[in-house]
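Data first, discussion second: the structure below is written as structure tokens.
What follows draws every value from the coordinates through simple rules; no lab data is involved. Everything numeric here is computed off the predicted structure, so don't read it as measured data.
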Amino acid sequence: GQPQNLTSTLLPSGSNSEALADSLQDTQIDCALTATPAGQLVLNSNIRNCFEYFLTQMGEKPLSVIDQQIRNHLAQILPASAAQQATNLWQRYLKYREAEGSIQVAGKNSDPDHLQRVFNALNELRQQY
């Protein structure tokens, strides 16, 4: 069968901490995740788009709140096994972003050798995650 399309709409406003940041109010959540008929997460670029949508709140909401928002959202829109797979990817994505940030912070100079090392480190990081 065809994968189920589980496009989501706005999060319920529940508690204040779960409400989206002001900058995201009245937006549609960019989180069109799908699961196979067997309940497995379909891997595609929509997953990253979903993570990035929630991460745009950084600076307005603490990461702990964003983390809870996305976990709740994934549990709402996906079957249990797909939600668990997406949550695992979310945790790996956060580690990747943190590691990527530390590489780029170290790279504030334009020496070609240094830029090549940063490029190589980022490629290695992508392989790792």
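What to note about this one:
- Phi angles across segment 121-128 convert, under the Karplus curve 6.51 cos²θ - 1.76 cosθ + 1.60 with θ = phi - 60°, into 3J(HN,Hα) values of 5, 5, 4, 4, 4, 4, 5, 5 Hz, Gly and Pro given as x.
- Taking amide H atoms as placed 1.01 Å from N in the peptide plane, the amide H of LEU33 lies under 5 Å from those of LEU6, SER8, each 5 or more residues away in sequence or on another chain.
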